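Report on the structure given below.
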Amino acid sequence: MGFSTARMPRLRTSWERLEESHHWYAIKANSNLKILQHLRKLGCGAVLVSGNELKLALHAGFDLTKCIFNGNGKILEDLVLAAQAGVFVNVDSEFDLENIVTAAKFAGRKVNVLLRINPDVDPQNSKFGIRNEKLQWFLDAVKAHPDELKLVGAHCHLGSTITKVDIFRDAAVLMVNYIDEIRAQGFEVDYLNIGGGLGIDYYHSGAVLPKPRDLIDTVRELVLSRNLNLIIEPGRSLIANICCLVNRVTGVKTNGTKNFIVIDGSMAELIRPSLYDAYQHIELVSPTPPDAEISTFDVVGPVCESADFLGKERQLPTPAKGTGLVVHDAGAYCMSMASTYNLKMRPPEYWVEEDGSVTKIRHGETFEDHIRFFEGL
């Protein structure tokens, strides 16, 4: 069992227009060091949501002037790191602004901030950003801290798995109007961060979904009309469909009314299906006999939880023991959310070159790794 990642040659077309926008990759989607270094070489910046992600961005060699620290509950210690590093920081709430000011004082340097405004164009956006009717309060608060804060832009987050770019234009219309208000009060605002959230075709239906370039195209006119630098935060849409989780079939069983394919992978390695009923395309990769019976199966793992499944009601040939089974589109929010529940150690990861050669890019964890946490106690 392990994760396999292709080399991502398709990403290059998304960077053809870097001179017009900033593509800043959301590290939370997949934090493998090899992948981060590859994206950094393509000219990508980094979107951070923790102090450790900031440390990893430093380790991967990202340009800190092309990094932004997001989050609706950033803690003071992490904000101090962000202030010391000189990355952009999004202001998400009243208490967030207070913590950023305190961090700036600890670090002894001014922090470049963007106001994360909730434009109210999508109901799933309620957790993130300041209410737009509170904009003046935040502008007054920034004015009150000229030694700690420099307001350089505005940001919005519209949600995840967005399949139409029209929503970004709707948000951009509102956001440039807010920027007009901000500039009218003397702030030199140069950045519009329109966020990320583009989806992929998890169902392998052949649907043509928008790419980061499409997002840029739909808001370009508005951005140029205000002479703004555009930041987009693609994570899932860049990384999800270039990686898969490779498993072996342990066996096939039935409870009389339902059939199960039991594999060595589980919710511990890929929690998306059990966490929020996400669909991941599944197929068998070993040759199957031409007369293999097609049946409806739930694909489940060995973890002692009824929620331990990777797919439900899938039409598949009945596999033999040891057959390979692949869960596709596992590049985003899979390994980065994996755990060691039931002491199932996280698997290795491999990089597949265009010529088919394979290189290990993360060691699989061992029981000895777990025991080390207790040594000397």
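So, by mean Cβ neighbours within 10 angstrom, what's the order for 103-115, 326-338 with the highest one leading?
Working: 103-115: 19.3, 326-338: 21.8.
The densest-packed peptide leads the list: 326-338, 103-115.
Quick one, can you get me the convex hull of the C-alpha atoms of region 288-363 expressed as volume per residue in Å³? Could you put the intermediate results ahead of the total?
Values: hull volume 11.4 nm³, N = 76.
Dividing the Cα hull volume of region 288-363 by its residues yields 150 Å³.
Please work out how much accessible surface T250 shows to a 1.4 Å probe, ignoring ligands, DNA and RNA, in Å² rounded to 10.
Counting only protein heavy atoms, T250 exposes about 80 Å² to solvent.
Give me the percent relative contact order of region 88-229, please, defined on Cα pairs under 8 angstrom at least 6 residues apart. Write out the running numbers ahead of the final one.
Values: 217 pairs, mean separation 31.9, N = 142.
For region 88-229, the relative contact order is 22 percent.
On a 0 to 90° scale, report how tilted helix 51-60 is relative to the longest principal axis of the chain, with both axes built from alpha carbons and the result rounded to the nearest 10.
The angle comes out at about 80 degrees.
Under unit Cβ charges (Lys, Arg +1; Asp, Glu -1), what dipole magnitude, rounded to 20 debye, does the chain have relative to its Cα centre?
Numbers: 40 positive and 47 negative charges, 97 e Å.
Dipole of the chain, to the nearest 20 debye: 460 debye.
How far is helix 94-107 tilted off the main Cα axis of the chain, in degrees rounded to 10, range 0 to 90?
The helix 94-107 is inclined about 80 degrees to the chain.
Picking from P290, P347, P319, which is most flexible by a Gaussian network model of the chain using Cα springs under 10 Å?
Comparing P290, P347, P319 in a Gaussian network model of the chain, the most mobile one is P290.
So how far, in whole Å, is the C-alpha centre of region 78-95 from the one of region 275-341?
Distance between centres, Cα-based: 40 Å.
Kindly rank 23-29, 161-167 from highest to lowest mean number of other beta carbons found within 10 Å of each residue.
Ranking the peptides 23-29, 161-167 by packing returns 23-29, 161-167.
If you rank F95, F260, F69 by how much accessible surface each has, with a 1.4 Å probe, what is the order from largest down? Could you put the intermediate results ahead of the total?
On the way: F95 110, F260 40, F69 5 Å².
The most accessible residue leads, giving F95, F260, F69.
Of V352, V303, V358, which has the most accessible area and how do the rest follow, probe 1.4 Å? All intermediate terms of the calculation are to be shown ahead of the outcome.
On the way: V352 40, V303 10, V358 90 Å².
The residues order as V358, V352, V303, largest area first.
Order T257, T340, T65, most accessible first, counting only protein heavy atoms with a 1.4 angstrom probe. Don't skip to the end; give the middle numbers.
On the way: T257 130, T340 45, T65 90 Å².
In descending accessible area the options line up as T257, T65, T340.
In percent, what relative contact order does the chain have, based on Cα pairs under 8 Å that are 6 or more apart in sequence? Intermediate values should be presented prior to the final figure.
Values: 794 pairs, mean separation 66.1, N = 377.
After rounding, I find 18 percent.
Where does the chain land at 222 nm, in deg cm²/dmol rounded to the nearest 500, when only DSSP H runs of n ≥ 4 count, each adding -39500 (n - 2.57), divided by all residues?
Details: 10 runs with 100 residues, N = 377.
So the calculated ellipticity at 222 nm is -8000 deg cm²/dmol.
Taking the Cβ of Q280 as the center, what net charge do the other residues with Cβ under 15 Å away carry, scoring Lys and Arg +1 and Asp and Glu -1? Spell out each step's value before the answer.
On the way: positive: R236, R272, K312, R314; negative: D201, E269, D277, E283, D298, D308, E313, D329.
Every neighbour counted, the sum reads -4.
Could you tell me the calculated FRET efficiency between V352 and A141, based on Cβ-Cβ distance and R0 = 41 angstrom, to the nearest 0.05?
Numbers: r = 50 Å, r/R0 = 1.21.
Working from the Cβ atoms, E equals 0.25.
Round to the nearest 0.05 the FRET efficiency obtained for I371 and L275 when R0 = 41 Å and r is the Cβ-Cβ distance.
Details: r = 28 Å, r/R0 = 0.69.
According to the calculation, E is roughly 0.90.
How many lysine pairs are close in region 236-377, with Cα atoms under 21 Å apart and the two 8 or more places apart or on different chains?
Values: K253/K312; K253/K321; K258/K312; K258/K321; K312/K321; K321/K344; K344/K360.
Going through region 236-377 pair by pair, I get 7.
Can you tell which of S295, S160, S274 shows the greatest fluctuation in a Gaussian network model of the chain with Cα springs below 10 Å?
S295
Report the calculated FRET efficiency for E94 and K164 (r = Cβ-Cβ distance, R0 = 30 Å), to the nearest 0.05.
Once the sixth-power term is evaluated, E becomes 0.35.
Select one label from [x] 73, 55, 42; [y] 96, 48, 37; [z] 59, 57, 32: the one whose number is Cα extents along the principal axes in Å as derived from the coordinates shown.
Computing Cα extents along the principal axes in Å and matching it to [x] 73, 55, 42; [y] 96, 48, 37; [z] 59, 57, 32 gives [x].
The values are calculated or read from the model by the stated rules, or taken from the named source; none is laboratory data. Computed from a predicted model, the values in this text were never measured in an experiment. All Cβ positions, even for glycine, are placed from backbone atoms using ideal geometry, and neighbour counts span all protein chains on display. The area values use the complete protein model at the heavy-atom level, side chains included, leaving out ligands, DNA and RNA. Shrake-Rupley method; radii C 1.70, N 1.55, O 1.52, S 1.80 Å.
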